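The values are calculated or read from the model by the stated rules, or taken from the named source; none is laboratory data. Keep in mind the model is a prediction, meaning the values are calculated, not measured. All Cβ positions, even for glycine, are placed from backbone atoms using ideal geometry, and neighbour counts span all protein chains on display.
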Amino acid sequence: MRRWPARGWNVAIPLLALVVLAATWGRSLPGVLVAVVALLLAGAVLSAVHHAEVVAHKVGEPYGSLVLAVAVTVIEVALIVSMMASGGAKAGSLARDTVFAAVMITCTGIVGLSLLIGTARHRVVVFNAEGTGGALATLATVATLSLVLPTFTTSSPGAAFSPAQLAFAAVASLGLYLLFMLTQTVRHRDYFLPVTAEGEVLPPDEHAVAPSGRRTLVSLGLLLVALVAVVGLAKVESPVIERVVLGAGLPESLVGVVIALLVLLPETLAAVRAARRGRMQTSLNLALGSAMASIGLTIPAIALASIWLAGPLVLGLGSVHMVLLALTVGVSILTVVPGRATLLQAGVHLALFAAFLFLAVSP
């Protein structure tokens, strides 16, 4: 039986990472410290996944997936707003680039990798098409409202909303996300639980002892500390990443993609672990929930922040990214509708993920 130890590396690493984050924030790091920060970042990711599993085992699905997705997104949103406030005019497209990267990484990368791991072990993976389809429909709607329409509206120059349009997109995104959370956790919770090939809900993991309430609260606190460290240390590493990217003659936009990949590592590892246990629904909850939280929380936050932020707020995607988004939504629909997937679907999603990364390197 698996137990949940409260001592050891899973306690020390997040606290040490937070101390190093406070000591290195806003400073230029020498090579040795860059390596130390990178190691602590990796340790904080693993620690976040461990504590997320503790919380998830106590509260059950889909609450466990929701806790991890919302926690990392709230911290990420705070970082985005702070970077926009200090970044000047060139930060006007930061929110768009971050949200789009999150959608592509989760819907193609995390979903594709989870399907690959799941089908490698179980040949065919199953999930609830009703719950996953509802999540995908919500994601497609908020992504189109927030990232596609600004390119075609005419009230403001460029790919930007007018203040009224931005307010509408913010309210619609937040409202749809809250409605989805209500559906996922209260009204139709059974639609988001892992299922067997016969459609029966899988029981909780019988190989793990349920943690105590105190242990769960400790893990929840350490999860938040670890996620703050993950997002913060990724930002600390960003100048080094930027120097490497620009030194290699690659587009500056690739920096945001690399940082998004680092920030989403906890969800990626948690989704892969769930897929290995045959709980594909949990993997999809994590992937689609993270993408939805990224839009549903980021757009309202920057809409409020735009009151005091100077400069234009660019949200509309370019033509290449719109094509990628449309293709991703279409492929995801075809993956979700049958309620089961094979290695072929894994390959298609990963091919889209590779196309996203390739076009980020060679636009």
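Provide a single number: the residues in segment 169-194 that are touching a strand residue (DSSP E or B) at 6+ places or on another chain (Cβ under 8 Å) and outside any helix (DSSP H, G or I). Outline the logic, then answer.
The initial filter retains those residues of segment 169-194 that are touching a strand residue (DSSP E or B) at 6+ places or on another chain (Cβ under 8 Å), namely 190, 193-194.
Restricting the remaining residues to those that are outside any helix (DSSP H, G or I) gives 193-194.
Matching residues across segment 169-194 total 2.
In this structure, does Val103 turn out to be modelled with pLDDT under 90 and under 17 Å from Phe180 (Cβ atoms)?
No.
Conditions: (1) surrounded by fewer than 19 Cβ atoms within 10 Å (Cβ to Cβ); (2) in a loop (DSSP other than H, G, I, E, B); (3) at negative phi. Leu304 meets all but one. Number of the miss?
Of (1) surrounded by fewer than 19 Cβ atoms within 10 Å (Cβ to Cβ); (2) in a loop (DSSP other than H, G, I, E, B); (3) at negative phi, only one is false for Leu304: (2).
Identify, please: which residue in segment 315-332 is out of contact with any Leu (no Cβ under 9 Å at 6 or more places or on another chain) and of a type outside the set (S, T, N, Q) and is, among those, surrounded by the fewest Cβ atoms within 10 Å (Cβ to Cβ)?
Checking each candidate, the answer is Gly330.
Checking Ser294 against (1) touching a residue at least 60 places away in the same chain (Cβ under 8 Å); (2) surrounded by fewer than 22 Cβ atoms within 10 Å (Cβ to Cβ): exactly one of these is not met. Which one?
(2)
Filter segment 12-30 down to the residues that are part of a helix (DSSP H, G or I), surrounded by fewer than 18 Cβ atoms within 10 Å (Cβ to Cβ) and not small (Gly, Ala, Ser) and list them by number.
Leu15, Leu16, Val19, listed by residue number.
Return yes or no: is Val32 out of contact with any strand residue (DSSP E or B) (no Cβ under 9 Å at 6 or more places or on another chain) and either of a type in the set (Phe, Trp, Tyr) or at pLDDT 75 or above (or both)?
Answer is yes for this residue.
Going by what's in this entry, would Glu242 be described as among the charged types (D, E, K, R), surrounded by fewer than 19 Cβ atoms within 10 Å (Cβ to Cβ) and farther than 25 Å from Met292 by Cβ?
yes
Could you grab the pairs with beta carbons closer than 6 Å, sequence gap of 6+ or different chains, first residue in segment 131-160 and closer than 18 Å to Ile295 by Cα, second one crowded, with 16+ Cβ neighbours inside 10 Å and among the polar types (S, T, N, Q)?
Listed pairs, sorted by first residue: Leu136/Ser332; Val142/Ser173; Ser146/Ser173; Ala159/Thr151.
For segment 97-129, name all the residues that are farther than 12 Å from Ala260 by Cα and among the charged types (D, E, K, R).
Within segment 97-129, Arg121, Arg123 qualify.
Among Leu149, Leu166, Leu115, Leu145, which is outside any loop (DSSP other than H, G, I, E, B), touching a helix residue (DSSP H, G or I) at 6+ places or on another chain (Cβ under 9 Å) and at pLDDT 95 or above?
None of the others qualify; the one that does is Leu115.
Residues in segment 99-126 that are over 10 Å from the mean Cα position of the chain (by Cα), crowded, with 24+ Cβ neighbours inside 10 Å and β-branched (Val, Ile, Thr): how many?
Counting residues in segment 99-126 that are over 10 Å from the mean Cα position of the chain (by Cα), crowded, with 24+ Cβ neighbours inside 10 Å and β-branched (Val, Ile, Thr) gives 3.
Could you figure out which of (1) under 23 Å from Leu359 (Cβ atoms); (2) touching a Phe, Trp or Tyr at 6+ places or on another chain (Cβ under 8 Å) isn't true of Leu284?
The number of the failed condition is (1).
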